[in-house]
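The structure appears below as structure tokens.
The values are calculated or read from the model by the stated rules, or taken from the named source; none is laboratory data. For clarity, every value in this text was computed on a predicted model and none was experimentally measured. All Cβ positions, even for glycine, are placed from backbone atoms using ideal geometry, and neighbour counts span all protein chains on display.
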Amino acid sequence: MDDQNEKRRYGVPDDENPELTEDAIRRSIPAKQFFAERGLPMPGRPKAETPKVAVSLRLDQDVVDGFKADGPGWQTRMNAALAESLRQKKSA
């Protein structure tokens, strides 16, 4: 088998990825425990102090188009605009 075909053998154990044995499964620990025992931070994005809430919202097409026209980050900008509107409403 040539190198190109060898790379396409998904799921077949090899030297770099040996088959997972019952012993290896018994010895495995959760990633959170692994990093904590070694004093290492968990990889990935840190948890937000005030996490966002996923919502389903119907908006006018021109509103969405207007925010998207400024490029990536349009949802963050929309959140900022809504937050500013709320601050203004509270101070009025």
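For this structure, a couple of remarks:
- Applying a threshold of 7 Å to beta carbon distances and a minimum spacing of six or more residues, or different chains, the list of pairs starting in region 63-92 at a residue that is more than 15 Å from residue 52 (Cβ to Cβ) and of a type in the set (Asp, Glu) and ending at one that is part of a helix (DSSP H, G or I) and modelled with pLDDT of 95 or more reads 70/77.
- Test: residue in region 35-46 that is part of a helix (DSSP H, G or I) and surrounded by 10 or more Cβ atoms within 10 Å (Cβ to Cβ): yes
- Among residues of region 7-28, those that are exposed (fewer than 10 other Cβ atoms within 10 Å of the Cβ) and not in a helix (DSSP H, G or I), counted: 11
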